[in-house]
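Trainee: Handing you a structure now.
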Amino acid sequence: MKVDYPSLAKSIAALTDGETDAVALMATVACEVHHADDRFDWTGFYRVVAPELLKIGPYQGGHGCLVIPFSRGVCGAAARSGEVQLVADVDAFPGHIACASSTRSELVLPVFDGAGRLIGVFDIDSNLPDAFDNSDAEALTAILEQVFLNTK
């Protein structure tokens, strides 16, 4: 089952309408996105908690890494650059952090608040190689912008 992004965006918008707490929003987005597509093996957020440091936030799936410095891994690269990281083969990504040995491909999107500050990254792992494409990145970026625009 491949995700129907327009329906997912509407559902998330309805569930998050009026909410401004970033953690509550992250929990809702992680749950809804995770259950929307069979490719999504681990879906969650890493929050910016200190300069150059991410800590695990709300997620769905097996355990995740607890702490990720901006200098390491795919999540760190997204946080450091402020750009989407679309990785077809995690084993080919220099410095990849294997939080789960089953992960084969990864999509990580930076998350910004209404003031344009990086508040975290949204990480989706798949146990399938080359599971994500630009259409996933674009649709999820639009959902994240819609949801986190009103957070402070």
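Trainee: Using every pair of alpha-carbon atoms in the chain, split the distances into 5 Å bins beginning at 0 and state the percent of pairs per bin, rounded to integers.
Mentor: 2, 10, 22, 26, 22, 13, 5, 1, 0
Trainee: Based on the mean of other beta carbon atoms within 10 Å per residue, what is the order of 86-98, 49-61, most packed first?
Mentor: On the way: 86-98: 13.9, 49-61: 16.4.
Descending packing order for the listed peptides: 49-61, 86-98.
Trainee: Leaving out ligands and nucleic acids, note down the accessible area per residue over the chain with a 1.4 angstrom probe, in whole Å².
Mentor: Solvent-accessible surface per residue comes out at 48 Å².
Trainee: Add +1 for every Lys or Arg and -1 for every Asp or Glu among the other residues with Cβ under 14 Å from the Cβ of Arg47, and state the total. Spell out each step's value before the answer.
Mentor: Numbers: positive: Lys55, Arg117; negative: Asp21, Glu52, Asp113, Asp123.
Charge balance in the 14 Å sphere: -2.
Trainee: What part of the accessible area of the stretch 99-152, given as a whole %, is carbon or sulfur when the probe is 1.4 angstrom?
Mentor: The value for the stretch 99-152 is 50 percent carbon and sulfur by accessible area.
Trainee: When only C-alpha pairs under 8 Å and at least 6 residues apart count, what is the relative contact order of the stretch 1-107, in percent?
Mentor: Worked out over the stretch 1-107, it gives 17 percent.
Trainee: May I pose another question? In the chain, which cysteines lack any other cysteine Cβ under 4.7 Å from their own?
Mentor: Cys31, Cys75
Trainee: Let me ask something additional. Calculate the dipole size of the stretch 1-111 relative to its Cα centre from +1 charges on Lys and Arg beta carbons and -1 charges on Asp and Glu beta carbons; express the result in debye to the nearest 20. It would help to have the intermediate numbers written out before the result.
Mentor: On the way: 8 positive and 13 negative charges, 50 e Å.
Approximately 240 debye in magnitude.
Trainee: When the Karplus curve 6.51 cos²θ - 1.76 cosθ + 1.60 is applied with θ = phi - 60°, which whole-Hz ³J(HN,Hα) does each residue of the stretch 75-84 get, with x for Gly and Pro?
Mentor: Karplus values, whole Hz, x for Gly and Pro: 5, x, 5, 5, 5, 5, 8, x, 10, 4.
Trainee: Right, next: How large a share of the accessible area of the stretch 9-90, in percent, is made up of carbon and sulfur atoms when the probe is 1.4 Å and the other protein chains stay in place?
Mentor: Working: 1960 of 3820 Å².
Result for the stretch 9-90: 51 percent of the exposed heavy-atom area is carbon or sulfur.
The values are calculated or read from the model by the stated rules, or taken from the named source; none is laboratory data. What you see is a predicted model, and the numbers here were worked out from it, not measured in a lab. Here the Cβ is made from the backbone with ideal geometry for all residues, glycine too, and neighbour counts use every protein chain on show. SASA here: full protein model, heavy atoms, side chains in, ligands and nucleic acids out. Shrake-Rupley method; radii C 1.70, N 1.55, O 1.52, S 1.80 Å.
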